[in-house]
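The values are calculated or read from the model by the stated rules, or taken from the named source; none is laboratory data. Since this is a predicted model, take the numbers as computed values, not measurements. A quick note on method: Cβ atoms are made from the backbone with ideal geometry, for glycine too, and the neighbour counts reach across all protein chains shown. Note: areas computed on protein heavy atoms with side chains; ligands, DNA, RNA excluded. Shrake-Rupley method; radii C 1.70, N 1.55, O 1.52, S 1.80 Å.
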Amino acid sequence: MFRNQYDTDVTTWSPTGRLFQVEYSMEAVKQGSAAIGLRSKTHVVLACVNKANSELSSHQKKIFKVDDHIGVAIAGLTADGRVLSRYMRSEAINHSFTYESPLPVGRLVVQLADKAQVCTQRSWKRPYGVGLLVGGLDESGAHLYYNCPSGNYFEYQAFAIGSRSQAAKTYLERRFENFTNSSREDLIKDALIATRETLQGEKLKSSICTVSVVGVGEPFHILDQETVQQLIDTFELVTEEEPPAPEPAPEPAAADEGGAEQGAGAEQGAAPDEGVAPMDI
């Protein structure tokens, strides 16, 4: 994207029907560190990558609690994300006070999208440079929404935003059919694997990722680093144990039992030896 005569104002259309300032704000989301969301019938898991500006500084918080049944993960300008999360928290409190019931997730997402849309139609405003993954649970079940700086919103089974999010999307697209019936632990595991895909070879540690969960009978909360590290260690042990799993040990014993057909037994014994040798190497 390059500067041109149609991007000086958010309300100026280009001849091709584009609003460049809105597109620039969507580009800011792609520059932020990755955020990932997954949902099943009963749970929603949000995860994000924590990137510090330098080794001497701490990272910016990227997952916020809105209410006991709603949380949000952001990618892009964290300052804009803090402002919008505070607005969402205020709306949830007002609804709870007025109606004495939790705010439905879909209604909050629509209000947030309307707030973002106003900034695309006022010349003295600028679009919010942040994308939000809103996860929550209400009477109609678990929900995961993506709110775009343009004012659009979409509901997903699983989604990833931010830098290098395409690798996470590829993994989620291969696995999303299983998410509906997944357990809480399986969702967290898939979220950690998708987060690892965005790191480009860097080792996944609890210090560079944050994971949060909300579900039936489980209010929204962020998992502590020790719990996340234990889950990461368990996941890495499983992946290391997978390659030697298909070792065909019992087959030679079965071949020895067939004393009548010695020639066939020799052929059966040769096949397992060929499979075992590469593993020993």
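Data for the structure
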| quantity | calculated |
| --- | --- |
| Odd one out for VAL134, checked against (1) buried (at least 24 other Cβ atoms within 10 Å of the Cβ); (2) in a helix (DSSP H, G or I); (3) hydrophobic (A, V, I, L, M, F, W, C) | (2) |
| Residue among SER54, SER150 that alone is over 14 Å from the mean Cα position of the chain (by Cα), open to solvent by less than 50 Å² (accessible area, probe 1.4 Å) and hydroxyl-bearing (Ser, Thr, Tyr) | SER150 |
| Top-ranked residue of segment 1-45 - restricted to ones that are among the β-branched types (Val, Ile, Thr) and within 16 Å of GLY151 (Cβ to Cβ), ranked as surrounded by the most Cβ atoms within 10 Å (Cβ to Cβ) | VAL29 |
| Sole residue being without any contact (Cβ under 8 Å) to a residue 60 or more places away in the chain, touching a Lys or Arg at 6+ places or on another chain (Cβ under 9 Å), not in a strand (DSSP E or B) and not aliphatic (A, V, I, L, M), chosen from SER90, SER85, SER163 | SER85 |
| Candidates ARG107, ARG164, ARG86, ARG122, filtered to the one that is of a type in the set (Lys, Arg), closer than 30 Å to ASP186 by Cβ and either exposed (fewer than 14 other Cβ atoms within 10 Å of the Cβ) or touching a Pro at 6+ places or on another chain (Cβ under 6 Å) (or both) | ARG107 |
| Residues that are touching a residue at least 12 places away in the same chain (Cβ under 8 Å), of a type outside the set (A, V, I, L, M, F, W, C), in a loop (DSSP other than H, G, I, E, B) and over 17 Å from ILE74 (Cα atoms), drawn from segment 185-233 | GLN200, LYS205 |
| Candidates PHE159, PHE176 - the one that is farther than 20 Å from GLU236 by Cα, modelled with pLDDT under 95 and surrounded by 13 or more Cβ atoms within 10 Å (Cβ to Cβ) | PHE176 |
| Which numbered condition ALA160 fails, given (1) closer than 19 Å to ARG86 by Cβ; (2) touching a strand residue (DSSP E or B) at 6+ places or on another chain (Cβ under 7 Å) | (1) |
| Residue satisfying condition, being outside any loop (DSSP other than H, G, I, E, B) and in contact with a Cys (Cβ under 6 Å, 6 or more places away or on another chain), within set ALA73, ALA113 | ALA73 |
| Matching entry among THR227, THR239, THR170, THR198 (being modelled with pLDDT of 50 or more, exposed (fewer than 12 other Cβ atoms within 10 Å of the Cβ) and of a type in the set (Val, Ile, Thr)) | THR239 |
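Every residue, every condition in (1) modelled with pLDDT of 95 or more; (2) under 23 Å from ALA168 (Cβ atoms), yes or no:
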residue	(1), (2)
ASP7	no, no
VAL29	yes, yes
ARG39	yes, yes
CYS48	yes, yes
ALA52	no, yes
HIS59	no, yes
PHE64	yes, yes
